[in-house]
Amino acid sequence: MSTMHAVMSRSDVRGLLMRHTGAQVTEELVTSWLSGLAGYSLAECHAAMSAMGPGARRITPSAVAGSCDAARDRAAGSSPPGPAAAAPARGWRPRTSGADRDYHRQAGMRGIRAAYEVMGWVRNADHDLARSVACPFCQAKAWAVCGPLSRNRAGVRELRDTATRMHPSRLESARAQLARRETTTHDQENAR
């Protein structure tokens with residue numbers, strides 16, 4: 001079932017945060033949530049945060065986006081084609097699967113790298129390495145930017161690194177995963 005949703009405005013995000021998180025809503029918070037939830041409708045975000053109940057008070061934009069993606073995938077896989085499928089509305093786009101979203105994220109990263117190269121700017125390699133894994137601190141998905149979270153539910157404080165714009169534990173996790181991959185590859189080559 002394909003449904004068209006309006007893009008959220010700043011006031012929509014402000015209302016969503018005031019209703020579900022109870023946090024003091026600042027302009028910086030609204031900006032970060034608006035960029036984190038780009039492409040999602042107010043109805044989708046409201047449904048995702050309502051489903052989380054009291055846990056929505058400590059939610060991050062990436063977790064809401066993940067919940068919206070899961071709901072979209074469930075809806076795309078279980079709904080039979082209806083009359084809307086026969087005559088798509090103006091501006092209609094087919095729903096994308098998780099593999100399609102990953103492909104488009106990777107294409108976006110290639111475009112960013114190309115823009116840096118053309119402009120002669122220096123790209124931080126640790127930034128791409130950190131983005132290749134999910135963040136263990138703020139639960140941001142792979143290839144998504146870390147949220148503004150600086151203290152988790154356990155009271156552990158971790159500030160984002162200014163160079164990579166990611167939590168340091170995410171970079172450590174990515175380096176450990178890369179080392180495991182290299183060790184496995186090296187062991188396989190030696191076994192031949």
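The values are calculated or read from the model by the stated rules, or taken from the named source; none is laboratory data. All values derive from a computational prediction rather than experimental measurement. When the accessible area is computed, the model is the full protein with side chains, heavy atoms only, and any ligands, DNA or RNA have been set aside. Shrake-Rupley method; radii C 1.70, N 1.55, O 1.52, S 1.80 Å.
Here are the numbers for this structure:
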item: Probe 1.4 Å, protein heavy atoms only - accessible area per residue of segment 122-172 in square angstrom; result: 54
item: Matching label, log10 I(q)/I(0) by the Debye sum over Cα atoms at q = 0.08, 0.09, 0.17 Å⁻¹ computed from the structure shown, candidates [x] -0.35, -0.43, -1.26; [y] -0.41, -0.48, -1.04; [z] -0.25, -0.31, -1.11; result: [x]
item: Sulfur and carbon atoms: percent of accessible area, the chain [1.4 Å]; result: 57
item: Cα gyration tensor shape of segment 29-68, rounded if a/c is under 1.5, else prolate or oblate by comparing a/b with b/c; result: oblate
item: Cα gyration tensor shape for segment 112-192, rounded if a/c is under 1.5, else prolate or oblate; result: oblate
item: Contact order relative to length of the chain, as percent, for alpha carbon pairs under 8 angstrom and 6 or more apart; result: 17
item: Dimensionless Rg over Rh [segment 96-142; C-alpha; Kirkwood]; result: 1.04
